[in-house]
1. From the square roots a ≥ b ≥ c of the eigenvalues of the alpha-carbon gyration tensor of segment 73-125, which class results: rounded (a/c under 1.5), prolate (a/b over b/c), or oblate?
2. Any idea what the relative contact order of segment 4-194 is, in percent, if you count C-alpha pairs under 8 Å spaced at least 6 apart?
3. Over every pair of different alpha-carbon atoms in segment 82-163, take the mean of 1/r and invert it; report that Kirkwood radius in Å.
4. Could you go through segment 144-153 in sequence order and give the Karplus-derived ³J(HN,Hα) for each residue, using 6.51 cos²θ - 1.76 cosθ + 1.60 with θ = phi - 60°, rounded to whole Hz, and x for Gly and Pro?
5. How much net charge surrounds Ala162 when only other residues with a Cβ under 13 Å from its Cβ are counted (Lys, Arg +1; Asp, Glu -1)?
6. Over all distinct Cα pairs, what is the inverse of the mean 1/r for segment 126-197, reported as the Kirkwood hydrodynamic radius in Å?
7. Just to confirm a number: summing +1 for Lys and Arg and -1 for Asp and Glu over residues other than Asn152 whose beta-carbon lies under 12 angstrom from that of Asn152, what do you get?
8. For segment 120-197, give the magnitude of the charge dipole about the Cα centre (Cβ charges: +1 Lys/Arg, -1 Asp/Glu; no others), in debye to the nearest 20.
Amino acid sequence: MVDKSGRVIAIRLFGLSNVALQTELSRVEDDFEIEFLSTSQKQLEDRDSEYYPQFEESIRKEASAMAHHYEIFYCLEKSIRGLIEDRLKESGADWWDQKVPRKVVEDVEKRIQNDMDSAVTLRSMKPIDYTTFGELGEIIKANWDIFGDTFNSVKAVEKVMANLNVLRGPIAHCSQLASDEVTRLQLSLRDWFRLMA
């Protein structure tokens, strides 16, 4: 019998697998200049028709290719945060203050304050949405008694999270991923799924 957290993990893994498959299909479309996904036309229609065409075609193609990597990262990061939140909620309502390392809490509070001081809309009402991959790894490590039945090795979690944190930089800061780094991203994604006990 699978408990609730096991079902949640299975559903998230299913969703990430679908995103990875869609990304690979999109890559094949780009490589062979064919179209068998209907999303391409919709994406073109949704873009700002007045300003978007003014960007150089090479930049638009690069952005389109990088969008696939961003989608994978977005889904992965959100699902990891959701997994951590779900598991730690089981330990009590005040899990953020009770289970998250003090340094992570303090760094998150600074990021939230920076957003507030910038007069921008807060990205989230949940503090966990302000964490980095490295900090998510620290939360898992600090609560290994809770996550030990989900992941097969604390050192492997640390390594995969560190790799993801490095790969996140170019994606988040609008730089093109080199082909080696695309491969590294695909391997890191596979490594993440292998961590599941």
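1. On the way: a/c = 2.27, a/b = 1.35, b/c = 1.68.
The shape class here is oblate.
2. Values: 104 pairs, mean separation 38.2, N = 191.
Taking the mean separation of contacting Cα pairs over the length of segment 4-194, I get 20 percent.
3. Working: mean 1/r = 0.0741 Å⁻¹.
Final number for the Kirkwood radius of segment 82-163 is 13.5 Å.
4. For segment 144-153, the Karplus curve yields 4, 4, 8, 9, x, 8, 9, 10, 8, 7 Hz.
5. The answer is +1.
6. Numbers: mean 1/r = 0.0770 Å⁻¹.
Every distinct Cα pair counted, the radius reaches 13.0 Å.
7. Working: positive: Lys155, Arg194; negative: Asp149, Asp191.
Every neighbour counted, the sum reads 0.
8. My answer is approximately 120 debye.
Laboratory data are not the source of any read-out in this text; all were calculated from the coordinates shown. The shown structure was predicted, so the numbers you read here are calculated from the model rather than taken from an experiment. All Cβ positions, even for glycine, are placed from backbone atoms using ideal geometry, and neighbour counts span all protein chains on display.
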